[in-house]
Amino acid sequence: MTREEKSIAIENLTAQLAGTNIIYVSDISGLNAETTSNLRRACFKAGIKLEVVKNTLLAKAMEASANDYGDLPTVLTGNSAIFISDVANAPGKIIKDFRKKSDKPVLKGAYINSEVYIGDNQLDALATIKSKEELLGELIGLLQSPAQRIISALQNKFSGEESEEA
């Protein structure tokens, strides 16, 4: 790769990093072609961009980014692939699902909404993070619950008074 090609690759990676707050870094080396293809297909269906990257280029892109990736660049050794998503737990779920059949992909680390997670031991926690939509649904349900109880109680009270008058 020429210096100009590297510079363009770093710019492209920096732009990708700037466009998201959710990045998982994993090791997918050792996966055969069929499994890799299945992983890419699953990522595509879930709206996740999967890309194999050079560690040095990703480290420079993280350095050039406005985001603070903390210790995440320290995990950039060996083969690395990045999962870029709009849903915080989606890459974790995909990785966990693939780990049922194989020991790969191995989670190296993740950056989710300014929080940095390092190590494969974080996978269970990351896979169970609630998405924005799930949190909003729970919040709306909690907010509606008291109002629904009041309406139900009022309806029961008024329907009880009507039956007493008849």
Can you give the charge dipole size of the chain about its Cα centre, rounded to the nearest 20 debye, using +1 on the beta carbon of Lys and Arg and -1 on the beta carbon of Asp and Glu?
840
Please compute the length gained on full extension between Thr74 and Asn12, using 0.36 nm multiplied by the number of residues separating them and subtracting their Cα-Cα distance.
20.2 nm
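Between Glu115 and Glu5, what length comes free when the chain is fully extended (0.36 nm per residue of separation minus the Cα-Cα distance, one decimal in nm)? Could you put the intermediate results ahead of the total?
Numbers: separation 110, 0.36 × 110 = 39.60 nm, distance 3.08 nm.
Gain on extension, Glu115 to Glu5, equals 36.5 nm.
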Cα-based count: Lys pairs in the chain below 18 Å, eight or more positions apart or different chains?
19
Within the chain, which is the longest segment containing none of the trypsin sites (Lys or Arg not before Pro) that sit in a DSSP loop and have at most 13 other Cβ atoms within 10 Å?
1-99
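As a test of the formula, what do you get for the chain when each DSSP H run with n ≥ 4 contributes -39,500 (n - 2.57) and the sum is divided by the residue count, at 222 nm and rounded to the nearest 500 deg cm²/dmol?
Details: 6 runs with 87 residues, N = 166.
Counting only the DSSP helices, I get -17000 deg cm²/dmol.
Could you list the square roots of 5 times each eigenvalue of the Cα gyration tensor of the range 31-166, that is, the equivalent ellipsoid semi-axes, sorted largest first and rounded to whole Å? Could you put the intermediate results ahead of the total?
Details: eigenvalues 448, 67, 27 Å².
Largest first, the range 31-166 gives 47, 18, 12 Å.
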Which of Thr2, Gly119, Ala81 sits closest to the plus end of the dipole of the chain, meaning its Cα is farthest towards the positive end, when Lys and Arg get +1 and Asp and Glu get -1 on the C-beta?
Thr2
Can you give the extra length, in nm with one decimal, that the chain gains between Ala66 and Leu136 once fully stretched, where that is 0.36 nm per residue apart less the Cα-Cα distance?
22.4 nm
Which residue, Asn79, Asn55, Asn32, tops the fluctuation ranking in a GNM of the chain built on C-alpha contacts under 10 Å?
Asn32
What are the ³J(HN,Hα) values, in whole Hz, obtained from phi via the Karplus relation 6.51 cos²θ - 1.76 cosθ + 1.60 with θ = phi - 60°, for each residue of the range 76-92 in sequence order, with x given for Gly and Pro?
7, 10, x, 7, 10, 10, 10, 10, 10, 9, 9, 10, 4, 9, 4, x, x
What residue among Leu143, Leu107, Leu13 shows peak mean-square fluctuation when the chain is described by a Gaussian network model with Cα springs under 10 Å?
Leu143
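Would you work out the charge dipole size for the range 64-119 about its Cα centre, treating the Cβ of every Lys and Arg as +1 and the Cβ of every Asp and Glu as -1, and quote it to the nearest 20 debye?
Working: 7 positive and 6 negative charges, 89 e Å.
With only Lys, Arg, Asp and Glu charged at Cβ, the dipole is about 420 debye.
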Solvent-accessible surface ranking, highest first, for Met62, Met1 at 1.4 angstrom
Met1, Met62
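The values are calculated or read from the model by the stated rules, or taken from the named source; none is laboratory data. All values derive from a computational prediction rather than experimental measurement. Cβ sites come from the backbone with ideal geometry, for glycine too, and all protein chains shown count toward neighbours. Side chains are part of the model used for accessible areas, which takes the heavy atoms of the whole protein and leaves out ligands, DNA and RNA. Shrake-Rupley method; radii C 1.70, N 1.55, O 1.52, S 1.80 Å.
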